[in-house]
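Below is one structure, written out as structure tokens, with a few remarks after it.
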Amino acid sequence: MGINDSLKYYWNVKVVGQPFLQWQRWQAERHPKIPSRWRTDILSPPLRIGARTKELISRHYLEGRYANGHRPVAWVTSGGPVEILQALGFYVLYPENHGAVCGVRRVVVDISTEAENAGYSTDICSYARTDIGSVLSGKTPVGRLPKPDLLLACTNICQTVLHWYRVLAKHFNVPLILIDTPFVYTEASDHALEYVKKQLENSIPVAEQVAGHTLDYRRLQEIIQLSKNAAELWLEIIGRGRHHPAPMSVFDQFIHMAPIVEMRGKQETVDFYAALLKELDENISKGIGAVRNERKRLLWDNLPIWYRLRYLAENLGEHGICVVASTYTNAWGELAPLMNKEKPLESMAKTYTYPILNQGTKYKLDTMKRMVEKFQLDGVILHSDRSCKPYSIGQIDQRNLLIQEYGIPALLLEADHDDPRAYAEEQVASRLASFVEMLES
Amino acid sequence: MRITIPPRKTVIEDIKDRGGSVAAVLPIHYPRALLRAFDIYPVEVWGPANVDVSLGGAHLQPYVCSIVHNALSFLKMGGLDTVDMLLIPHTCDSLQGLTSILLDLIKPKQPVFPLYLPRGQRAEDVVFLAEELRTLSTVFSDLTGKHPDNDDLLTAIKREEASDLLLRKLYDHKRQMGLSNSEFYRLVRSREYLPAEQFSVLAEDALQISAKLAPGIPIILSGIVPEPMEVFNTIDEMHGEIVADDLACCGRRLYQPGTSSEPFRRMAEGIIHAPPDPTRGNSIEERVKYLLKMAEDRGAKGVIFYAVKFCEPELFDLPELRNALKKHGLASINIEVDINNPLPHQAVTRISAFLEMLDG
């Protein structure tokens, strides 16, 4: 690590950037503004916490921009066991989150075209194409992404990440840690959990070598506890959706979930979710719902359609429909009970083997059914996501079973989480209209 | 063709007549010897091509590859009615999804067994896979009532290893045998359903043939599966000669014998140390090195990447592989296919132009 780089980091991040972002947040909190063309007749004003979310995310990318040379940098898959890297002082970047930011900012077509021009097929995951396009061209809406010193891919969300990170490893010529988590068709075997634990153990010396120092196990325990605390708070936040009207829609959850994905193991993340929970409780006590005239409540399955969040919120909100819960946002909280700082590697092995995406189609169907009951929902929208096969395969039968076996109205919506070229607005609008009509009949 | 290969249907009927069980096995890697030790005969399902895909389409989205679509369609149309079980290795997200919906939601009449294949070549990967195979062995014991001991397992392993060595020999002697690409690959692909002992006899017979063909334009074929098989006729007609391949159903399964005397570990070693394969997590560098060596050893002038549409494991590596080959003076083209469609005219034209270019 170089002195010049560290000076640059302190000046740009600590002296200039952070105070500016803090000031920006104070301004936004003191004089809250409703975004232009926000349908206040349908939706309540955005949550106040939004200013803090913006500050956190901006600060995260700002730190990344100046991290090279000052701190070791790791690029990690969203379901990756990040606690070891956090304990070793890595700056951790999640290319999937960057992909989501690109989706929200609607720059995916421009950036992924760079990858397609280099020969990457439009049939591979749009997050991966966006990331590779960004790596090849330097294009990003967040200023600049730091180069990785280490890559960590965990297969608990898909096999795509394995192929994607092999491309990154070749491009950057840096070590790739693979944490392979055997798929759980029914229950993880002892030897599968032992296998994951062994890989976690073996990842430590590799990460230590890149970081240049050894792992402090007490620090690891602290970070595991912080991860657990944040995940528990996130679960409570989602649970507030049981109130009528729901104080937060999934479209808000999709935005405010960023810290639980990319800033696990940090005190500021715990504080952030405590503040969000407080705001939701205030809104509940005042009877403020995310949708002004909530009449119907739905579940969302699969990743968001990042580039059409507002459109979907308004389209459904217009009919008094609030999408209250999601199997996707739930996934970032449901494993909190498995984390145990007293058994760091053992509990991490279990936690990172059991995400919903690493479990069978029956588990997902049962989760949907359980959430429909828990949140008293009127139906389910299953986003059939062209870029996410592990989440999407099975949805056709799951939809049919929800309708036929459980009497739960369900709609399958074809799209892609990041690439608007695989999304047809007219078709989506007409399918939503028919579904709404059916819900109201 | 001078070698008569028994058709798949006849082979299955013979096995059933002898009282054996048949397992339909999906791509790519699995322990043939383990199945045989329980008198279970593996018959592989790589699609097949040309089935009514609407049956699979009722359960799978259009962005799932045609191999998986066709396999499900084939199952639904009764094509696998004669088999006693399905074994589905965890090869990719699509096969993972297929296994999961078969176990949880669609439930065919036969039992379905998943097999997780680790994505690394590390010591812990061998240990894990050996344990997976041991677990599968317990499942087969419960199913068949048979309890092969270590000696039985090692006998089965050695029979498969002998057959694999003969397969390798076929590749080494392809030119001397004078088989066309079509003939050669029909023979090689019969390993997908012939019992090892039957395949070995066939291979020994083929190795006796000595009829030199005029050398063609030397190329390597890379991809998952060469379906539709018309691609070989096309290459034959244009005087292309496939001197080696990097196909998941063929060359990527030239397994080396394991070294351990412990049978489960030996089977795991065989699979894990097979030629580089993206579905088992081999790095792009390993694949580049392997392709370059293959090209050098066999004198190939170019590589045809023959990719099944929507196959992520193949598609991710293509740009880097092609760049690396280009740097070493090897030309390549990428042909994308849906195994349910006939070889498109455009693909024929492109292969033709590519071979002409190599010949020039």
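Quick note: the coordinates plus some simple rules give every number you see, no bench work behind them. Computed from a predicted structure; not experimentally measured. A quick note on method: Cβ atoms are made from the backbone with ideal geometry, for glycine too, and the neighbour counts reach across all protein chains shown.
Tabulated data
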{"item": "Given charges at Cβ of Lys, Arg, Asp, Glu: chain B dipole, positive-most of B:Asn233, B:Pro108, B:Gln96", "result": "B:Asn233"}
{"item": "Helix-only CD estimate at 222 nm, as mean residue ellipticity for chain A, using -39500 (n - 2.57) per DSSP H run (n ≥ 4)", "result": "-16000 deg cm²/dmol"}
{"item": "Within chain A, percent of DSSP bridges classed antiparallel, to nearest 5", "result": "5 percent"}
{"item": "Cα principal axis extents for segment B:213-359, largest first, Å", "result": "51, 33, 32"}
{"item": "Cα long-axis angle, helix A:395-404 against chain A (0 to 90 degrees, to the nearest 10)", "result": "30 degrees"}
{"item": "Restricting segment A:219-296 to trypsin sites (Lys or Arg not before Pro) in coil, as DSSP defines it, with at most 14 other Cβ within 10 Å", "result": "A:Arg295"}
{"item": "Relative contact order, percent, segment B:213-359 [alpha-carbon distance under 8 Å, six or more residues apart]", "result": "29 percent"}
{"item": "Where N is the number of residues in chain B, Cα Rg divided by 2.2 N^0.38 Å", "result": "0.96"}
{"item": "Trypsin sites (Lys or Arg not before Pro) restricted to DSSP loop in segment B:163-213 with at most 16 other C-beta within 10 Å", "result": "B:Lys212"}
{"item": "Cα-based equivalent ellipsoid of segment A:126-202: semi-axis lengths in Å, sorted from largest, via gyration tensor", "result": "29, 14, 9"}
{"item": "Out-of-range pairs (alpha-carbon distance over 26 Å; input A:Lys374/B:Lys76; A:Lys198/A:Lys362; A:Lys278/A:Lys364; A:Lys54/A:Lys278; B:Lys16/B:Lys158; A:Lys266/A:Lys296)", "result": "A:Lys374/B:Lys76; A:Lys198/A:Lys362; A:Lys278/A:Lys364; A:Lys266/A:Lys296"}
{"item": "Sequence-separation-based contact order of chain B, relative, with Cα cut under 8 Å and 6+ spacing, percent", "result": "19 percent"}
{"item": "Hz values of 3J(HN,Hα) by residue in segment B:287-299 - Karplus curve (6.51, -1.76, 1.60), Gly and Pro given as x", "result": "5, 4, 4, 5, 5, 5, 5, 4, 5, 5, 4, 9, x"}
{"item": "Crossing angle, helix B:123-144 versus chain B [Cα axis fit, 0-90 degrees, rounded to tens]", "result": "50 degrees"}
{"item": "P(r) tail fraction, the protein assembly as shown - alpha-carbon pairs more than 38 Å apart, %", "result": "42 percent"}
{"item": "P(r) weight above 36 Å for chain A, C-alpha pairs, percent", "result": "24 percent"}
{"item": "Reachable lysines from B:Lys212, criterion Cα separation under 25 angstrom, eight or more residues apart if same chain", "result": "B:Lys169, B:Lys174, B:Lys293, B:Lys301"}
{"item": "Inter-centroid distance (Cα atoms) of segment A:49-92 relative to segment A:98-127, Å", "result": "22 Å"}
{"item": "Principal-axis tilt of helix A:108-117 within chain A, Cα atoms, nearest 10 degrees", "result": "60 degrees"}
{"item": "Estimated translational D of segment B:8-136 in µm²/s (Stokes, Kirkwood radius over Cα pairs; 20 °C; 1.002 mPa s)", "result": "140 µm²/s"}
